[in-house]
1. Go ahead and estimate [θ] at 222 nm for the chain from helices alone: -39,500 (n - 2.57) per DSSP H run with n ≥ 4, summed, over the residue count, rounded to 500.
2. Among all the lysines, which ones have a C-alpha under 28 Å from Lys49's C-alpha, if same-chain residues fewer than 8 places away are not counted?
3. Roughly what % antiparallel, to the nearest 5, for the DSSP beta bridges in region 139-198?
4. Assuming R0 = 22 Å, can you tell me the calculated FRET efficiency for the pair Ala236 and Val213, based on Cβ-Cβ distance, to the nearest 0.05?
5. Calculate the FRET efficiency for Leu313 and Thr106 from the Cβ-Cβ distance with a Förster distance of 30 Å, rounded to the nearest 0.05.
6. Any idea what diffusion coefficient the chain gets from Stokes-Einstein, in µm²/s, Kirkwood Rh on alpha carbon pairs, 37 °C, 0.692 mPa s?
7. Using a 10 angstrom cutoff on alpha carbons, build the Gaussian network for the chain and name the most mobile of Leu245, Leu231, Leu93.
8. Roughly how many Å² is the accessible area per residue of region 131-282, as a whole number, for a 1.4 Å probe?
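The values are calculated or read from the model by the stated rules, or taken from the named source; none is laboratory data. All values reported here derive from a predicted model rather than from experimental measurement. Glycine gets a Cβ as well: all are built from the backbone with ideal geometry, and neighbour counts include every protein chain shown. Surface accessibility is based on the protein's heavy atoms, side chains included, excluding ligands, DNA and RNA. Shrake-Rupley method; radii C 1.70, N 1.55, O 1.52, S 1.80 Å.
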Amino acid sequence: LLGVDAGATAGVALDAAAAGESDGALDIRVDEEDIHAMFFTSGSTGQPKGVMLSHRASWLRSYQGNSRSEISGGAGEVCTFPFFHWAGWNYLLCSWAHRRPLHVPTRLDGDTLLGEVERRRASILYCIPAVWERVLASTRAVDVSSLRYAFTGTSRIDPELVARIRARFPHAICGVLYGSTEFGLGLGIADADIARKPGSVGLPPPGKEARVVDGELQLRSDSMMSGYFELPEQTAAAFEDGWYLTGDLADRDEDGFYTITGRRRDVIRSGGETIAPSEVEAALSGFPGIAEVAVIGVPDHIWGEVICAAVVLSPGAGCPSLESLRAHVGSQLAAFKHPRKLVVVADLPRTAATNQIMRARVRDALLASGAVA
């Protein structure tokens, strides 16, 4: 079931083993609470933690991941995650559970991924936004009419990105999924709701519960992790009365749809106001000459914290003035959300797995250097 673009290697006779024909079969009893797999996650801090998943959690995640009949079979999925990442392993389990091939490309550039869709006649493709940008930037002429599902996710998704995916893959249904290594799939929004709920990550699927407490999204399900490996304090801090504390700030609208507004650990508190960095970053992203931006809070003796924009300039662009940045976001954001400091940096540190900007590292580096004193 697994199609890998690599040289042939020796392996285990799985059919024989499944039929009980292999030598030295072990009589092993496995409880559903026993740990099935462990995945290391860094989140936005860069500090790795071993996430322990039970056999029960792995089974529920893979079964629920795509149990609808219309995507259980077909020509399979092009996998854009490595197998040391929970998402990659989960897609492998999904494909195994539903007897569907999983195609593993050798590279994650746009030409290669589109080539895999065409060659394998694949029906499913999930990419994080950064990988979708590579796909959409490709000019390779390919037949992608086989693609029926084009998914994306992480947290807040730009509706314009979904529109571009739809235009490139007119035969595909789009969807936005929200989840984590610790919890698995937590929320999702279907194609029919994306336009009327722009930016939303949707509703909890069956068997999952969600709520917002003090601005933070909390989730509960039997698919949650068992804890962090040999980190009892961090494990205890991740749960409250059986609910997993995501660390994500969220809003819930009158129809029950959730929208991620930022990260609790990255929240800026200035003059008694709470500010989500992602909101300010989104407002600054269209400023001419800025290639990347990270918004952080830096200490201030009057306001407690003030907003600092750390920007990476586009090639050949000059440094903008702080006043021009504030004018740019003036029509979009309240005055207390405007940047009060501006620093130009060569690059921004990101997590290897999901390409998230590690704001905590940006903040620590700038404070250590005295650049925002």
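1. When only DSSP H runs of four or more count, the value is -7000 deg cm²/dmol.
2. Candidates past the 8-residue exclusion: Lys208.
3. Of all bridge pairs located within region 139-198, approximately 55 percent are antiparallel.
4. 0.85
5. 0.35
6. In µm²/s, the coefficient is 146.
7. It is Leu231.
8. Here the per-residue accessible area is 45 Å².
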